[in-house]
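The block underneath contains the structure these notes are about, expressed in structure tokens.
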Amino acid sequence: MARKTGRHQRKNRIIVAAVAALASVSAIGFTTLDTTSPDAPAPAALTPAALAASPAIATSTEISPATATPVAEPSCPAGETHVAAEHIGVDGMQSCLPIGSGLAESHVDPLYGRVALEILHLAAPSDERLELREPRVACWNLNDWKEILERFRADGVNFGSSLLGWVSGTNRVINLSTHTCRRLDAIAHRGATPNSTVEASAIGTFAHETIHLGGIADEGVADCYAKQLARHAGELLGATNETARVVADLSAEYAHQERAGTEYDDPNCFDGGSLDIDTDDAVWVG
């Protein structure tokens, strides 16, 4: 594991065009590869054989966006916000979700939206930052998450139980699965330090989907940038410096163990490679 030392001028920028016009993006970004049941203890790691056999490997950003028909956004009660079917990426499901943190019901977490915006600010060229808007980050409870999976299946996309997070073609809402949000909540709202690569993967998923929302559809590029920004994302979420370091280390290990040789593994993602954004927080495994 090699960590960058010293201060570096970032020689490359993440090219982000996260503005309203991104509704025309014709891809859906998914983070998958965790086959853990959301209400079961997380395993230490998936085996390479299980990873290779996962049907989620076949999914990619070539999946067409859902055919959900845009509807006028209805008014929601005070303290709630609307998430439309096209923001979820499936037909027939939309909801007014409460705004709050760590709720048992499906909800939009305002902290995660603010942090996602900060990540986009970090990634975007300075002349585009004023056009960025704060994303909504929807955390789906178990019942709604299962219904979403069923609706994806009805649209011909089957993730099993391996869907971690996704951004639909509208690039408006970051959707996080039940188990992703539970792990993220533990770090961000309860100050927990992850003990396994799977627990730490929640921040990697969150950063990965944020990069997708910024207009980068390629899974390997998004995962590479997310890995480099994991420690910074952890700090923005309120983790201590030590916890953020552990998150970055374990996230890098997770990517190395679970995604090597898949579409999430870009050959240019290495220290000094073309996707190296020269952040002091980057952790490189290998």
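Computed from the coordinates by the stated procedures, all read-outs in this text should not be read as laboratory data. Remember, it's a predicted structure, so these values are computed and weren't measured experimentally.
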| field | Scaled radius of gyration (Cα, divided by 2.2 N^0.38 Å) that the range 187-253 gives | value | 1.03
| request: For the range 92-226, would you read off the P(r) tail past 17 Å as a percentage of all alpha carbon pairs? | output: 59
| field | Estimated vicinal HN-Hα couplings, Hz - the range 259-266 in sequence order (Karplus 6.51, -1.76, 1.60; Gly, Pro = x) | value | 10, 4, x, 9, 5, 8, 10, 8
| query | Can you pull the three principal axis extents for the Cα set of the range 162-221, in Å, largest first? | reply | 32, 21, 20
| task | For the range 174-286, build the convex hull from the C-alpha positions and give me its volume per residue in Å³. | result | 96
